[in-house]
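Okay, so here's the structure we're looking at.
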């Protein structure tokens with residue numbers, strides 16, 4: 001990153017599930033990748049989606065419960081929104097806040113963000129062991 005302002009890093013649902021599913025410390029990896037001051041945020045629609053998954057059984061339910069605990073423990077800012085769709089919230093947030101960094105593995109969302117031309121930078125997981133700039 002090339003300037004001193006605090007960057008906003010938006011976490012998508014699939015990124016919040018990575019720590020349990022793939023044993024990657026996303027918070028530590030983000031600190032390495034985003035080499036300037038940054039604030040982690042999620043939208044209410046993302047939290048609602050994770051809560052829905054957390055009520056389920058199996059690996060996805062466990063991963064979602066771990067994600068909810070990570071949101072609380074890491075004091076990730078939850079942004080209120082009237083929207084109910086997580087991807088829609090991310091796109092609208094990025095339109096309103098250019099140069100936001102988005103962490104997602106959702107290919108369609110990545111395409112939408114690039115098409116919007118907001119200067120959004122994207123971080124993805126590759127090789128199931130690391131996260132990278134897309």
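The values are calculated or read from the model by the stated rules, or taken from the named source; none is laboratory data. Remember, it's a predicted structure, so these values are computed and weren't measured experimentally. Every residue, glycine as well, gets a Cβ built from its backbone with ideal geometry; the counts of neighbours run over all protein chains shown.
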**Q.** Odd one out for residue 8, checked against (1) surrounded by fewer than 15 Cβ atoms within 10 Å (Cβ to Cβ); (2) touching a strand residue (DSSP E or B) at 6+ places or on another chain (Cβ under 6 Å)
**A.** (1)
(Q) Looking at (1) surrounded by fewer than 20 Cβ atoms within 10 Å (Cβ to Cβ); (2) over 14 Å from residue 14 (Cβ atoms); (3) modelled with pLDDT of 95 or more, which one does residue 110 not meet, given that it meets all the others? (A) (2)
Q: Identify, from the list 10, 78, the residue that is within 22 Å of residue 125 (Cα to Cα) and under 15 Å from the mean Cα position of the chain (by Cα).
A: 10
Q: Report yes if some residue within segment 74-96 is in contact (Cβ under 8 Å) with a residue 60 or more places away in the chain, out of contact with any helix residue (DSSP H, G or I) (no Cβ under 9 Å at 6 or more places or on another chain) and surrounded by 15 or more Cβ atoms within 10 Å (Cβ to Cβ); otherwise report no.
A: yes
Q.
Checking the condition farther than 21 Å from residue 122 by Cβ and either buried (at least 16 other Cβ atoms within 10 Å of the Cβ) or under 14 Å from the mean Cα position of the chain (by Cα) (or both), which residue from 62, 18, 24 passes?
A. 62
Q: Identify the single condition in (1) in contact with a strand residue (DSSP E or B) (Cβ under 9 Å, 6 or more places away or on another chain); (2) surrounded by 13 or more Cβ atoms within 10 Å (Cβ to Cβ); (3) at pLDDT 95 or above that residue 1 does not satisfy, given that it satisfies every other one.
A: (3)
